[in-house]
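The values are calculated or read from the model by the stated rules, or taken from the named source; none is laboratory data. From a predicted model like this one, the values you see are computed outputs, not experimental measurements. Quick reminder, even Gly has a Cβ in these numbers, built from the backbone with ideal geometry, and neighbours come from all protein chains shown. Calculation scope for accessible area: heavy atoms of the full protein, side chains included, ligands and nucleic acids excluded. Shrake-Rupley method; radii C 1.70, N 1.55, O 1.52, S 1.80 Å.
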Amino acid sequence: MRAIVATAAGGPEVLQLQELPAPVPGPGQLLVDLAAAGVNFMDIYGRQGRKPYAGSPPWVPGAEGSGTVAAVGEGVTAFAAGDRVAWASAPASYAEQVVVDASRAVAVPDGVGLREAAAVMLQGTTAHYLCHSTYPVAPGDVVVVHA
């Protein structure tokens, strides 16, 4: 299984494509074939070595993504192989296969692409709270969404 590995703290040059053993889901977990990984500021902070985002090198960065369930661990009943899921909190998401806690996975509805599903998990929730909690947007307000 291929994964992006941060070999040290630093710039993009510390990221390397490496072959790693395939992960195995444990109880309550899903093994997911990755379709899209989210890339966020926390990933950049982690690569730079900033705590609490950084792992101990070498480590596989990433926490957000989407894909298709390849296998389920013991006790998982809400998902099955072939289901499409997305997540915002699963370590080592810059890999071809990711172990995701079933309790943190969200089913991707029919009609929603996996790339869009990966993007909406963290960025979408950020936009939602900014438009509802930080400033409740009302009819007639002008809103600009960017980045």
Dipole of the chain, positive direction: furthest Cα of Gly28, Leu130, Gly65, with charges on the beta-carbon: Leu130
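Just check the range 78-147 against the gyration tensor rule for me: Cα atoms, a ≥ b ≥ c as the square roots of the eigenvalues, rounded for a/c under 1.5, and otherwise prolate or oblate depending on whether a/b exceeds b/c. Display every interim value, and only then the final one.
On the way: a/c = 2.49, a/b = 2.19, b/c = 1.14.
Prolate.
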Pop out the carbon and sulfur fraction of the accessible area of the chain as a percent, whole number, probe 1.4 Å. 59 percent
Could you compute the net charge surrounding Arg2? Neighbours are other residues with a C-beta less than 11 Å from the C-beta of Arg2; K and R count +1, D and E count -1. -2
Between the DSSP loop rule and a limit of at most 11 other Cβ atoms within 10 Å, which GluC sites (Glu not before Pro) in the range 48-147 are left? Glu74
Calculated P(r) over Cα pairs in 5 Å bins from 0, in percent (choose from (1) 2, 10, 22, 25, 21, 13, 5, 1, 0; (2) 2, 10, 17, 18, 17, 15, 10, 6, 3, 1, 0; (3) 2, 9, 15, 14, 11, 11, 10, 8, 6, 5, 4, 3, 2, 1, 0), label: (2)
Given Cβ charges of +1 for Lys and Arg and -1 for Asp and Glu, the option among Phe79, Ser93, Ser103 whose Cα lies farthest towards the positive end of the dipole of the chain is Ser93
What is the spin-label model distance, in nm, from Ala107 to Leu17 if the labels are put 7 Å beyond Cα along the C-beta direction? 3.5 nm
If every Lys and Arg gets +1 and every Asp and Glu gets -1 at its Cβ, then about the Cα centre the chain yields a dipole, in debye to the nearest 20, of 340 debye
Compute, for the range 77-147, the length of the dipole vector about the Cα centre, with Cβ point charges of +1 (Lys, Arg) and -1 (Asp, Glu) only. Units Debye, rounded to 20. 60 debye
Give the accessible surface of the chain per residue, rounded to a whole number of Å², with probe radius 1.4 Å and ligands, DNA and RNA excluded. 58 Å²
Extension reserve of the Thr126-Ser56 stretch, reckoned as 0.36 nm per residue once the Cα distance is removed: 22.4 nm
Quick check on the chain: helices-only [θ] at 222 nm, where DSSP H runs of length 4 and up contribute -39,500 (n - 2.57) each and the sum goes over total residues. Nearest 500, please. -3000 deg cm²/dmol
